[in-house]
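Q: Let me begin by handing over the structure; questions about it come next.
The values are calculated or read from the model by the stated rules, or taken from the named source; none is laboratory data. Because the structure is predicted, anything quoted here is derived from the model rather than measured. In this analysis, Cβ positions are derived from the backbone assuming ideal geometry, glycine residues included, and neighbour counts consider all displayed protein chains.
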Amino acid sequence: HVATRREDYRPPDWLVPEISLDFDLDPQRTRVRASLEIVRNGDHDRPLRLDGDELTLISARVDGREVEPGLDGKQLVLDLPGSRAMVETEVEIAPAANTKLMGLYASGGILCTQCEAEGFRRITFFPDRPDVLSRYRVRMEADKDRFPILLSNGNNIAAGEEGDGRHWAQWEDPFPKPSYLFALVAGDLKANSDSFTTMSGRKVALNIWVREADLPKTAHAMESLKLAMAWDEKVYGREYDLDLFNIVAVADFNMGAMENKGLNIFNSAYVLADQETATDADFDNISRVVAHEYFHNWSGDRITCRDWFQLSLKEGFTVFRDQSFSADIGSAPVKRIDDVRVLRAAQFPEDAGPLAHAVRPDSYIEISNFYTATVYNKGAELIRMMATVLGAEKFRAGTDLYFDRHDGEAATCDDFVKALEDGSGVDLSAFKIWYSQAGTPKVSARLQHDPQTRAATLHLEQRVDPTPGQPDKAPMPIPLRTALIGEDSCAEIAAEQLVLLEKAQATIEFANVAEPPLLSINRGFSAPIVLTVDRRPGELERLAQCDTDPFSRYEALQELMMCALVASATGAAADLEPVTRAVGATLRSDALDAAFKAEAILLPSEPLIADRLDVVDPDAVHESREALRRAIGNELRDDLASAYGTSGAPGHDLSPAAKGVRRLRNVALALIAAGDERVGATLAHRQFMAADNMTDRQAALGTLVSLDAPERDQALAAFYDRFHDDPLVLDKWFALQAAAQRRETVDEVQRLAHHPDFRIGNPNRLRALAGTFGYNHWAFHSPDGRGYRFLTDMILDADKLNPQVAARLIPPFGRWRRFEPKRGELMRESLERIVGARGLSKDVYEQASKSLA
Ligand code: HT7
Ligand code: ZN
């Protein structure tokens, strides 16, 4: 398996300004005829190389003459004498046999495409790289009964019937685009249709295409789309550019959704929702993903990436944009807490493990493996830092210039930073290291106060640990929003300022600090770092009550819990009293809303606790967390009961306030159950039976599945009986059992893998069972290694069908060096077994072999 390296980038030898595609669609055997207008790019004598993968070549022509092309690996090679040519190919593909779900494939009777990153080459021969931009004309023909709807990018310019039960449609996309944004859909679909009038007064037709039975579940996605369109106009000045915007939902999809120009294709999990079947989190995810894909129209489609190493140019920026959108339409503090939780759960471990890579990676074997939390979420944090340094107005001037300057181009991350600099007049060059240097910076902070001189001095130090291929690290620019809070007054005694730590060490002076100060630092999580603050006893408890920044207040309580959890997980004496006192004060506070309380009192997860330990013993981590949950459940019985009794959340109400109340009630329920299993089981079962919405039903079942109570099996059976015909809800049923905090979970997942409703070829179902189980820290790390064996078997079986999805199950094994020796060895053996398997895909090979290094 050969690696592609960033430094080897060379502009394309040949360009393809125009392409016409003609599809004769059939699930078993589809004919694709392609006509490529080819233009030599620069002065060279290299042949034309067209990428292909699993294509059966029928014929090839150059300027109308049949030719016998050479093959170099999977590439078709043609020597072209002049500077222009018309190259025509005809190939055959088999969508129904395409289990990789890349290229043209079948999902539940629908034919659809997924071309990012390198799927277009599975449809036709083409220079399948993002810096070759073409205007597309598409004709497709199919059986009218089975495929009454025929869609592609751009505008539908003609349609007709063929008389033999077949019909056709012709589509034209006026915007040149890279092949990864090509899309086609054919199926028996119905649309939820609406419209949006843009800021310049153009009416855009909006359609969300689904199976007819799912139409009632598309209202939230449509509302989200219209909100996103209006938000992008208001916040970034970006107007939609076609007269039509189509979204299609399919049940089999490797990722969340795809931003194909004018024809977004979605995993149905990010489209379909109603009160009965979707949780508040599902509704929020739909808003987020619909907005994300829509925002790509500018940050991705109008301006795309020069090469795949620049992936964060579109993904980091678009995640930053979707995060800001969600913050604006919901609760901004809670959204920030959520985003940081995702970053810590998914990206920090990546940065600290064998798969660490830079936001702009240097090499890859399989690009699909680099659609990571580092490229997406750390990439978004990097843009957030630059936006913080610039302030809103200058940031907007920078993005305006970026969109203007690079419209219609394939750009780089450097282009983006340069546009921000030129638009704002601010030098951001120091921040570029965040694109190239992997690893999470570790910052330590210490505040000294002299009551006599009223001077306070903040000492800061940073370091970045080595990561694969990067043994020596340079200091990074770290913007820290910082304030001082009076220990007695509970007020800001030094107003917030932006401290930019640029070197390995720095000291910052504060004058006129009369009161003992509490350090409030990295407010709003202004930099994606691991921060250690040297604090006196009692400081965190006080900050948890009075930090004026909501994120830092949340952080103080989390850190207070974390200190106790780490102490007990390592066998040290842990004083739980300050924690229960602070949790109680948070629950009783009149100043805090329900949503914030829920997030703040949620205990750090087991993987997060494990990240703080030198040697991980999952049993000790589990016991430490359970002990604190029990203590909170017991000590704060009354506070939890009154939180559980909070009213104001009718099931249909999706306002941030109502969602917050449901969240608090459900977090309280889980803690009540930790304190008293019987009371918890009774309450949870009652809630499960009475629930009129999926948030409360799923949360109740989520509590019950970890209990040894008769209500557990009753509720699981009732849930299955009611929802087994709804694939997305059935995914929840699999996932809830795979997440259960019980010793028996490993037996359970083994049984579920043989359940008649388990489908290894459906990515959502596979992720629900195997993906969820891999992150069930205690169960996956079962000391006998059965959890490892289960996931290894799953990965190897899935790899035979869908390498991309299989490869994404590997990361839980990557932390093997950090575990106690017995488990570490078992994990390493699992990785060896994977790497040694016959016929392994390059996707899985890359992830497993790098995890072993
Ligand atoms: N840009 C999209 C990426 C994507 C993808 C990548 C590899 C394989 C399958 C895929 N499906 C979608 C998703 C996004 O970030 O918007
Ligand atoms: Zn994206």
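Q: So which residues in the range 596-608 are over 22 Å from the mean Cα position of the chain (by Cα) and assigned to a helix (DSSP H, G or I), if there are any at all? Steps first, answer last, please.
A: Step one: filter the range 596-608 for residues over 22 Å from the mean Cα position of the chain (by Cα), giving 596-598, 600-601, 603.
If the condition is that a residue be over 22 Å from the mean Cα position of the chain (by Cα) and assigned to a helix (DSSP H, G or I), then Phe596, Lys597, Ala598, Ala600, Ile601 are the ones that fit.
Q: Of (1) part of a loop (DSSP other than H, G, I, E, B); (2) crowded, with 24+ Cβ neighbours inside 10 Å, Asp274 satisfies all except one. Which?
A: (2)
A quick yes/no check of all residues on (1) surrounded by fewer than 23 Cβ atoms within 10 Å (Cβ to Cβ); (2) closer than 22 Å to Lys100 by Cα:
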site: His755; (1), (2): yes, no
site: Phe758; (1), (2): yes, yes
site: Gly761; (1), (2): yes, yes
site: Leu766; (1), (2): no, yes
site: Phe773; (1), (2): no, no
site: His777; (1), (2): yes, no
site: His781; (1), (2): no, no
site: Asp784; (1), (2): yes, no
site: Gly787; (1), (2): no, no
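Q: Taking only the range 231-245 into account, find how many residues are within 20 Å of Gly154 (Cβ to Cβ) and part of a loop (DSSP other than H, G, I, E, B).
A: Matching residues across the range 231-245 total 6.
Q: Can you confirm whether Leu104 is at pLDDT 95 or above, away from ligand 2 (no atom under 16 Å from the Cβ), surrounded by fewer than 22 Cβ atoms within 10 Å (Cβ to Cβ) and under 24 Å from Ala257 (Cα atoms)?
A: Values: at pLDDT 95 or above: yes; away from ligand 2 (no atom under 16 Å from the Cβ): yes; surrounded by fewer than 22 Cβ atoms within 10 Å (Cβ to Cβ): no; under 24 Å from Ala257 (Cα atoms): yes.
So Leu104 does not fit the description; no.
Q: When you look at Gly316, is it on the phi > 0 side of the Ramachandran plot and either touching a strand residue (DSSP E or B) at 6+ places or on another chain (Cβ under 8 Å) or within 13 Å of ligand 1 (Cβ to nearest atom) (or both), yes or no?
A: Numbers: on the phi > 0 side of the Ramachandran plot: no; either touching a strand residue (DSSP E or B) at 6+ places or on another chain (Cβ under 8 Å) or within 13 Å of ligand 1 (Cβ to nearest atom) (or both): yes.
For Gly316, the condition - on the phi > 0 side of the Ramachandran plot and either touching a strand residue (DSSP E or B) at 6+ places or on another chain (Cβ under 8 Å) or within 13 Å of ligand 1 (Cβ to nearest atom) (or both) - is not met.
Q: Consider Asn246 carefully, then state whether it is within 11 Å of ligand 1 (Cβ to nearest atom) and farther than 28 Å from Arg6 by Cα. Walk me through it before giving the result.
A: Details: within 11 Å of ligand 1 (Cβ to nearest atom): no; farther than 28 Å from Arg6 by Cα: yes.
So Asn246 fails the test.
Q: Return the residues of the range 733-747 that are over 13 Å from Asp713 (Cβ atoms), assigned to a loop (DSSP other than H, G, I, E, B) and among the acidic types (Asp, Glu); say none if nothing qualifies.
A: none
Q: Within the range 685-694, is even one residue under 30 Å from the mean Cα position of the chain (by Cα), at pLDDT 95 or above and surrounded by fewer than 21 Cβ atoms within 10 Å (Cβ to Cβ)? Can you show your working first?
A: Step one: filter the range 685-694 for residues under 30 Å from the mean Cα position of the chain (by Cα), giving 688, 691-694.
Checking which are at pLDDT 95 or above leaves us with 688, 691-694.
Checking the rest, the ones that are also surrounded by fewer than 21 Cβ atoms within 10 Å (Cβ to Cβ) come to 691-692.
Within the range 685-694, one or more residues are under 30 Å from the mean Cα position of the chain (by Cα), at pLDDT 95 or above and surrounded by fewer than 21 Cβ atoms within 10 Å (Cβ to Cβ).
Q: So how many residues does the range 319-340 have that are within 16 Å of ligand 1 (Cβ to nearest atom) and within 13 Å of the chain's Cα centre (by Cα)?
A: 5
Q: While we're on this one: Looking at Glu259, Glu276, can you tell me which residue is within 13 Å of ligand 1 (Cβ to nearest atom) and touching a residue at least 12 places away in the same chain (Cβ under 8 Å)? Even if it seems obvious, please write down each step before you answer.
A: Values: Glu276 fails: within 13 Å of ligand 1 (Cβ to nearest atom).
Matching residue, one of Glu259, Glu276: Glu259.
Q: Select from the range 237-256 the residues that are within 19 Å of the chain's Cα centre (by Cα) and touching a residue at least 60 places away in the same chain (Cβ under 8 Å) and write down the one among them that is nearest to ligand 2 (Cβ to nearest atom). Write out each step before concluding.
A: Here is the first cut: in the range 237-256, the residues within 19 Å of the chain's Cα centre (by Cα) are 249-256.
Then keep just the ones that are touching a residue at least 60 places away in the same chain (Cβ under 8 Å); that gives 250-255.
Details: Val250: 17, Ala251: 21, Asp252: 19, Phe253: 14, Asn254: 13, Met255: 9 Å.
Of everything passing the filter in the range 237-256, Met255 is nearest to ligand 2 (Cβ to nearest atom).
Q: Would you call Glu623 surrounded by fewer than 17 Cβ atoms within 10 Å (Cβ to Cβ) and at pLDDT 95 or above? Lay out the reasoning, then the answer.
A: Details: surrounded by fewer than 17 Cβ atoms within 10 Å (Cβ to Cβ): yes; at pLDDT 95 or above: yes.
Yes.
Q: Here is a check on your reading of the model: is Ala567 among the small types (Gly, Ala, Ser), surrounded by fewer than 19 Cβ atoms within 10 Å (Cβ to Cβ) and not in a loop (DSSP other than H, G, I, E, B)? I'd like the intermediate steps shown before the answer.
A: Working: among the small types (Gly, Ala, Ser): yes; surrounded by fewer than 19 Cβ atoms within 10 Å (Cβ to Cβ): yes; not in a loop (DSSP other than H, G, I, E, B): yes.
Judged against the criteria, Ala567 is a match.
Q: Six or more apart or on different chains, Cβ under 7 Å: which pairs go from a residue in the range 32-58 that's in contact (Cβ under 8 Å) with a residue 60 or more places away in the chain and more than 13 Å from Gln75 (Cα to Cα) to one that's among the β-branched types (Val, Ile, Thr) and outside any strand (DSSP E or B)? Could you list them?
A: Pairs that qualify, where the first residue is in contact (Cβ under 8 Å) with a residue 60 or more places away in the chain and more than 13 Å from Gln75 (Cα to Cα) and the partner is among the β-branched types (Val, Ile, Thr) and outside any strand (DSSP E or B), are Val32/Ile123; Val32/Thr124; Ala34/Thr124.
Q: Of all residues in the range 318-341, which are basic (Lys, Arg) and within 16 Å of ligand 2 (Cβ to nearest atom)?
A: Arg321, the sole residue that qualifies.
Q: So, in the range 344-354, how many residues would count as being buried (at least 20 other Cβ atoms within 10 Å of the Cβ) and either of a type in the set (Ser, Thr, Tyr) or within 16 Å of ligand 2 (Cβ to nearest atom) (or both)?
A: Of the residues in that region, 1 qualify.
Q: Checking the structure you have, find out if any residue of the range 351-361 is more than 16 Å from ligand 1 (Cβ to nearest atom), in a helix (DSSP H, G or I) and either at pLDDT 95 or above or within 21 Å of the chain's Cα centre (by Cα) (or both).
A: Yes, because at least one residue in the range 351-361 is more than 16 Å from ligand 1 (Cβ to nearest atom), in a helix (DSSP H, G or I) and either at pLDDT 95 or above or within 21 Å of the chain's Cα centre (by Cα) (or both).
Q: Next question. Under the condition of being in a loop (DSSP other than H, G, I, E, B) and within 12 Å of ligand 2 (Cβ to nearest atom), which residue from the range 277-297 is nearest to Asp339 (Cα to Cα)?
A: Of the residues in the range 277-297, the ones in a loop (DSSP other than H, G, I, E, B) are 277-279, 296-297.
Next, only the ones that are within 12 Å of ligand 2 (Cβ to nearest atom) stay: 296-297.
Working: His296: 19, Asn297: 23 Å.
By that ranking, first place goes to His296.
Q: Continuing with the same structure: Regarding Gly237, is this residue surrounded by fewer than 18 Cβ atoms within 10 Å (Cβ to Cβ), at pLDDT 95 or above and within 15 Å of ligand 1 (Cβ to nearest atom)?
A: Numbers: surrounded by fewer than 18 Cβ atoms within 10 Å (Cβ to Cβ): yes; at pLDDT 95 or above: yes; within 15 Å of ligand 1 (Cβ to nearest atom): no.
Considered against the rule, which asks whether it is surrounded by fewer than 18 Cβ atoms within 10 Å (Cβ to Cβ), at pLDDT 95 or above and within 15 Å of ligand 1 (Cβ to nearest atom), Gly237 comes out as no.
Q: If only one of Ala142, Ala117, Ala158 is among the small types (Gly, Ala, Ser), out of contact with any Asp or Glu (no Cβ under 8 Å at 6 or more places or on another chain) and in contact (Cβ under 8 Å) with a residue 60 or more places away in the chain, which one is it?
A: On the way: Ala142 fails: out of contact with any Asp or Glu (no Cβ under 8 Å at 6 or more places or on another chain); Ala158 fails: in contact (Cβ under 8 Å) with a residue 60 or more places away in the chain.
Just a single option satisfies the conditions, and that option is Ala117.
Q: In the range 748-782, how many are of a type outside the set (Val, Ile, Thr), touching a residue at least 12 places away in the same chain (Cβ under 8 Å) and part of a helix (DSSP H, G or I)?
A: Looking only at that region, the number is 17.
Q: State yes or no: is Val375 of a type in the set (A, V, I, L, M), within 14 Å of ligand 2 (Cβ to nearest atom), touching a residue at least 40 places away in the same chain (Cβ under 8 Å) and in a helix (DSSP H, G or I)? So that I can check it myself, show each step before the final result.
A: On the way: of a type in the set (A, V, I, L, M): yes; within 14 Å of ligand 2 (Cβ to nearest atom): yes; touching a residue at least 40 places away in the same chain (Cβ under 8 Å): yes; in a helix (DSSP H, G or I): yes.
Yes; evaluated as a whole, the condition is true for this residue.
Q: Report the residue count in the range 469-513 for those that are outside any strand (DSSP E or B) and either in the same structural domain as His357 (by TED's automatic domain parsing) or acidic (Asp, Glu) (or both). Steps first, please.
A: Our first condition is that a residue be outside any strand (DSSP E or B); within the range 469-513, this holds for 469, 471-477, 487-491, 502-504, 511-513.
Next, from what is left, pick out any that are either in the same structural domain as His357 (by TED's automatic domain parsing) or acidic (Asp, Glu) (or both): 472, 487-488, 502.
Residues meeting the conditions: 4.
Q: Among residues belonging to the range 298-313 that are away from ligand 1 (no atom under 11 Å from the Cβ) and over 16 Å from the mean Cα position of the chain (by Cα), point out the one that is nearest to Ala230 (Cα to Cα).
A: Among those residues, the one meeting the criterion is Trp298.
Q: Within the range 831-844, track down each residue that is crowded, with 22+ Cβ neighbours inside 10 Å and either out of contact with any helix residue (DSSP H, G or I) (no Cβ under 9 Å at 6 or more places or on another chain) or closer than 22 Å to His777 by Cβ (or both).
A: Those that are crowded, with 22+ Cβ neighbours inside 10 Å and either out of contact with any helix residue (DSSP H, G or I) (no Cβ under 9 Å at 6 or more places or on another chain) or closer than 22 Å to His777 by Cβ (or both): Leu831, Ile834.
Q: I've got another one for you. Only one of Ala657, Ala643 is closer than 23 Å to Arg588 by Cβ and touching a Leu at 6+ places or on another chain (Cβ under 6 Å); which?
A: That would be Ala643, the only listed residue that is closer than 23 Å to Arg588 by Cβ and touching a Leu at 6+ places or on another chain (Cβ under 6 Å).
Q: Restricting attention to the range 163-200, which residues are part of a strand (DSSP E or B) and free of Cβ contacts under 8 Å to residues at least 12 places away in the same chain?
A: Taking the range 163-200 as the starting set, the residues that turn out to be part of a strand (DSSP E or B) are 166-177, 184-187, 190-197.
Once the filter is applied, which keeps residues that are part of a strand (DSSP E or B) and free of Cβ contacts under 8 Å to residues at least 12 places away in the same chain, the range 163-200 yields Ser195, Thr197.
Q: Now a separate question. Looking at Lys217, Lys261, which is the one that is modelled with pLDDT of 95 or more, at negative phi and within 16 Å of ligand 2 (Cβ to nearest atom)?
A: Values: Lys217 fails: within 16 Å of ligand 2 (Cβ to nearest atom).
Exactly one of Lys217, Lys261 is modelled with pLDDT of 95 or more, at negative phi and within 16 Å of ligand 2 (Cβ to nearest atom), namely Lys261.
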